[in-house]
Every structure is written in structure tokens, then in C-alpha cells.
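Participant: Encoded as C-alpha cells, here's the structure I'll be asking about.
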Amino acid sequence: MRLRMRWLVLCWALLMAANTWAAQAPTPIRIGLTPVFLDDQTAFVNTWRVYLESRLKRPVVFVQRASYREITDLMRSGKLDFAWLCGYPYVRNKQFINLLAVPVYRGKPVYHSYLIVPASDRQTRSIADLRGKVFAFSDPDSNSGYLAPAHDLYLLQERPNTFFSKTFYTWSHRKVVEAVAAGLAQGGAVDGYIWDMLALQHPELTAQTRVVSESAEFGFPPFVAGKAVAPADTAALRKALIAMTQDEEGQKLLRNLHLDGFVAGDDHLFDGIIRMMRAIADK
């Protein structure tokens, strides 16, 4: 009987210790990503996770999903703390999320949307020349991969579903380039930063396409924070991202991303996206 009592006491003590440890263990920071940015970069994401954990002194979990909508829904429901999102879903969901940091690319926190066609197409000069053609968008919630070209058509008093003979979504900027290169689409809209990176890493792919035009400057796809996230956690991640330029490991990660760094950013960077969104909504 005594042995049994000792065993029960020991089990209780172990259970209490486990509960105490669990209560004291730091809660992981959950960061959402989509393949829009980081196709086939599992090793890089893991290295970045370890880097951020060492700076934040907290576990970090990267959550990857196939579309902006999935990441946005997770942010709105509180299942993610932060996300690397596009400017379009950011401005559409500002009641649920706050601006955290903006990447700096080629010296500025901005990027462009590229209109691309097959390299064999030497005639197309603008989206107006693609009437009746097949067109590839990346994601319905993408600024560069949907909103910007849709707004170009709006200025022509046209809509994608009537202007083109067919449209489809690839759910990845790289796949837009692949679709146009393979002739599955006669035109496509792609994040200029992604096309530039592909031109460096896979020139044999981008060589099969031609950039017809570049859009105006837009705020680079930002890091965002959920409004329910503790201000201290938001400040800590912002500081960690901005400080990546200050140590060798962070600089190496930035070189892998071909970014100059991160800045706190300004909401006015996304004013152009807001104007396009409102113009299309009013039509």
C-alpha cells in the first residue's frame, strides 16, 4: 500500500512539474508565408527561423499556405501573429492588422508589377494589345499579380473577364512566368521583384518571356502584425527584422532574399494600391 502511495505521489509530482514547465515555456511566435515569395526555399526558411529565434529568445513557427486569402483568414482569426503579406490584402484588412516592416529593394521600399508576354511576341506594347488572348494572374488578392493589371483595364473601360478570352490563376508568381514561357498564356502579370530574382537564378526561364511594361511604384509587400499581438512582441520582431543589416548572419539572409534590409515603413507607401482598389470597386 505504501509503495502504491509513493508511486501516486511521484506521478502527481511529475504531472505538476510538467504543467509548471508548460506554463512557463515561451509561446511560439507564428509567422505566415505564402509561396508567392519563397518558392522551393525550405532550407532558407528553416535558417531564417533559427536566426529569428536567437534574436527573439522565443520559438518561431513559419506557417506556409498556398494563397494570400488563407494567410489573411488565419491572421483575422488570431491563428497567426505576423505575416509577410501583399499590399492589396493589407489595405483591405487594416481593421485587423497593423504595418510592421517593409522590405527595401534596390534602395527603396517599393516594387513594380511587370506585364510579360512570350519572348517570341515582339508586337505587344501594352495590355491593350492582349485583347482576346489568354492571360495568367497570380492570385486574386495580389496587387502586382491581379489588381494592377485589372486597374490598367479599368482605365481602358474594360474588365478582365470580358477583355481576355480566358484567364486563370497560378497561385505563384513563378508559375505565371512558367505559364507564359510555356505558351499556356499569351500574357501575364507578375511581381517585378520575383521576375528579377528568377532572372538571376533561372535565366533560362525568364529568357522565354519579355517584359512589356512596368507599373508605377507600389509599397513593397509588407510584414504585418495582428492587432491582438502584444505591443512588446510587435516591437521585438520589428527590431529583429530591421537589425538584420547589422550582423553577418542577417546580411547573408538578406543577400539570399536579394533585399537591402527592412524599414519600419509608412502607410502612405500603399496609397496607390488604395486608389486602384477604390476605383475598381466603384465601377
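Participant: Under a point-charge model restricted to the Cβ atoms of Lys and Arg (+1) and Asp and Glu (-1), what is the dipole moment magnitude of the chain relative to its Cα centre, in debye to the nearest 20?
Facilitator: Here the size comes out at about 1080 debye.
Participant: For each of ILE127, ILE273, ILE280, count neighbouring Cβ atoms within 10 Å of the residue's Cβ, then give the residues from fewest to most.
Facilitator: ILE280, ILE273, ILE127
Participant: At a threshold of 8 angstrom on Cα-Cα distance, excluding pairs fewer than six apart, so keeping six or more, what relative contact order does the chain reach in percent?
Facilitator: 25
Participant: Among 227-236, 75-84, how do they line up by average Cβ neighbours within 10 Å per residue, starting with the highest? It would help to have the intermediate numbers written out before the result.
Facilitator: On the way: 227-236: 13.7, 75-84: 20.3.
Taking the mean over residues of other Cβ atoms within 10 Å, the ranking is 75-84, 227-236.
Participant: Sticking with this one: For a footprinting-style exposure proxy, rank PHE62, PHE223, PHE218 by other Cβ within 10 Å, fewest first.
Facilitator: PHE62, PHE223, PHE218
Participant: If the cut-off is 18 Å between C-alpha atoms, which aspartates and glutamates fall inside it for LYS133, apart from same-chain ones fewer than 8 positions away?
Facilitator: Within the straight-line limit of under 18 Å, LYS133 reaches these aspartates and glutamates: ASP121, ASP152, GLU158, GLU178.
Participant: Still on this structure, I have one more. Report the rotationally averaged projected area of the chain based on its alpha-carbon convex hull, in square nanometres. Walk me through the numbers before you get to the answer.
Facilitator: Numbers: hull surface 75.6 nm².
It is 18.9 nm².
Participant: Considering the alpha-carbon set of the range 113-215 alone, what are its Rg and its Dmax in angstrom?
Facilitator: 12.0, 38
Computed from the coordinates by the stated procedures, all read-outs in this text should not be read as laboratory data. Note that the structure is predicted; figures quoted are calculated from it, not measured. Heads up, the Cβs are rebuilt from the backbone with ideal geometry, glycines too, and the neighbour counts pull from every protein chain shown.
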